[in-house]
Amino acid sequence: MAEPELGPIAALVRRDDPLLFRTALFAAEPGRGRLMTLYAFDIELSRALSRTREPMIARMRLQWWRDVVEAAAAGGAPRRHEVAAPLHALVADGRLSRPALDGLIEAREAELEGLDDRGAFEAWATRRFGGLIALAAESLGAGAGPVADAADAAGRAMAAAFVLRHAGPMAAEGRAPLLPGAGAESRRALARGETDAEMRAAAS
């Protein structure tokens, strides 16, 4: 498939999340542009956490995005930002719902708190990945009802795959969302790419 000429939003998505970028190319315009904006927003939320080691600064950055969504829903003025401005337009036009966007932000806040509790992990999976899938369908004109259950199920699967893929780095940070029963030594082993009897028991 020949790639279309890229604007700044699509270029951002291609650079930071090539897989999402390629999936968006299957959508026809104007849906493709809406997907790119949604995915760019999700990338910006990731940056809010990854670009600082200070939780307070990360929370402030997430709050900035919450304010962007709130202003768009309330009919306020858009922010001068390459992602915030088109996101504002989609929310104002009813293409993206505020509750689901707020859910994406809440999921990142949950990451700051930690995901070692099974309930917290499942809520995070539903908001972050299930919410992203539901919003993508919404941006393409699908109603919320028909896709809700499918988005939730797919989101849980995506969350599990994401955590398994990043298990080592997350364990190095003291987190093991799918293994809440694993102790400190087991997490250190996982950070080295190893498993032990305790970890296998926790996963069973």
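The values are calculated or read from the model by the stated rules, or taken from the named source; none is laboratory data. It should be emphasised that the depicted structure is a prediction, and the values quoted were computed from it without experimental measurement. Here Cβ is always computed from backbone atoms with ideal geometry, including for glycine, and neighbour counts include all displayed protein chains. Just so you know, the surface numbers come from the protein's heavy atoms only, side chains and all, with ligands and any DNA or RNA stripped out. Shrake-Rupley method; radii C 1.70, N 1.55, O 1.52, S 1.80 Å.
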Using a 1.4 Å probe on heavy atoms of the protein chains only, the accessible area for PHE41 in Å², nearest 10, reads 0 Å²
So the FRET efficiency between ALA157 and ARG98, C-beta based with R0 = 25 Å and rounded to 0.05, is 0.45
Rounded to one decimal in nm, the spacing of the 7 Å Cα→Cβ label points at ALA142 and GLU29 is 2.4 nm
Contour minus Cα-Cα span, LEU19 to LEU164, at 0.36 nm per residue, comes to 50.5 nm
To the nearest 0.05, the calculated FRET efficiency linking ALA150 and LEU6 through their beta-carbon distance, R0 being 35 Å, is 0.75
Placing each pseudo-label 7 Å from Cα in the direction of the beta carbon, ALA120 and ALA74 end up separated by a distance in nanometres of 3.0 nm
Expressed in nanometres to one decimal, the distance between label points 7 Å along Cα→Cβ at THR52 and TRP64 is 0.8 nm
